[in-house]
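S.K.: Take this structure first; my questions come after.
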Amino acid sequence: MTEQEWLACEEPIAMIEFLRGSPVGEDRVSWWHNSHEIHLPQRGNDRRFRLFNCLCCRRIWDHIPEPANRAAVIAVEELLEGRMSPDDAWAAFVASSAVENTETGRRTELGYWVVKYLGRGFYKMTAGASALLISSSVICLSDAEYGTEARHVFDGCYYAGDGVFLSPFRWPHPMPAVVEAECSYQVAVLRDTFGNPFRPVAFPPEWRTSTTVAIACEMYESRDFSAMPILADALQDAGCDNEDILNHCRDANQVHVRGCWAVDQILGKA
């Protein structure tokens, strides 16, 4: 993918596949190469993918069947913020998996499996690989009839065991408007979280003034990013002249979420 293709892309699966590096062999963590990463520092792209995954889970909150499953999502959010220990987060996943089997057999609700993929992103697959499964599943849940067909196509292309696409994946057409809307939202979140990977922005420490940090911290904790234009003004007052940062903060059409690359730079979370 080129920079122009990235900027024009409206397909979240293609963006995630590019960001994770499009492995052609076995991924670094797979079914066959388990590597429990929940105790590792949650930084860089893995953290960004997990923030994206949690947000996708929030998008289908009503489809997640059990309180224990929703608690597992919250546990990852708390883990990423350093407010929960890896052992306690792992215990939340164990509790979530404990409700997998019911009196009528193994759960089939896609909302349950989205949370399962979130957990597996720490041991049976990478955070990026789990993002592929979570993103596609959440998109499919936006329209049940279309989603059934789309999941069949996706499952025929992607081999989760090794984390590779065996053949190119394309969403079936025509795509319902509600599905297009979910794709567009995920694309906006990926751009907000990862920025432009072709143009990483150097962030001098002098731009982290008490004012910029306070504004960024308040937005991050409240999840209310309506003050982004005010943050842009504060950054300019601090000497920031980087158009990528300022335009990102002032773009009225840009979605902002916890994990926004500009806010994370200010808070030292990038």
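The values are calculated or read from the model by the stated rules, or taken from the named source; none is laboratory data. Since we're looking at a predicted model, the values are computed, not measured. Methodologically, a virtual Cβ is constructed for each residue, glycine included, from the backbone with ideal geometry; neighbour enumeration extends over all protein chains shown.
Table: residues versus (1) farther than 15 Å from Thr193 by Cβ; (2) touching a Leu at 6+ places or on another chain (Cβ under 7 Å); (3) of a type in the set (Val, Ile, Thr).
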| residue | (1), (2), (3) |
| --- | --- |
| Arg208 | yes, no, no |
| Met228 | no, no, no |
| Val257 | no, yes, yes |
| Trp261 | no, no, no |
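S.K.: Still on this structure, I have one more. Among the residues of region 201-221 satisfying the criterion of being closer than 18 Å to His248 by Cα, at pLDDT 95 or above and of a type in the set (A, V, I, L, M, F, W, C), which is surrounded by the most Cβ atoms within 10 Å (Cβ to Cβ)?
M.R.: Ala216
S.K.: Under 13 Å from the mean Cα position of the chain (by Cα), acidic (Asp, Glu) and at pLDDT 95 or above - does that describe any residue in region 57-69?
M.R.: No - not one qualifying residue is present in region 57-69.
S.K.: Collect the residues in region 234-265 that are buried (at least 18 other Cβ atoms within 10 Å of the Cβ) and part of a helix (DSSP H, G or I), keeping them in residue-number order.
M.R.: Ala234, Leu235, Ile245, Leu246, His248, Cys249, Trp261, Ala262, Val263, Asp264, Gln265
S.K.: Moving on. Pick out the one residue from Phe165, Phe154, Phe122, Phe169 that is within 21 Å of Glu77 (Cα to Cα) and either modelled with pLDDT under 95 or buried (at least 18 other Cβ atoms within 10 Å of the Cβ) (or both).
M.R.: The unique qualifying residue is Phe122.
S.K.: Also, I was wondering about something else. Farther than 21 Å from Ile16 by Cα and assigned by TED's automatic domain parsing to the domain that holds Asn45, is that true of Ala144?
M.R.: For Ala144, the condition - farther than 21 Å from Ile16 by Cα and assigned by TED's automatic domain parsing to the domain that holds Asn45 - is met.
S.K.: If a residue counts only when it is in contact with a strand residue (DSSP E or B) (Cβ under 9 Å, 6 or more places away or on another chain), which helices (runs of 4 or more DSSP H) contained entirely in region 107-220 have at least 2 such residues?
M.R.: Once the helices (runs of 4 or more DSSP H) in region 107-220 are filtered for at least 2 residues that are in contact with a strand residue (DSSP E or B) (Cβ under 9 Å, 6 or more places away or on another chain), what remains is 127-141.
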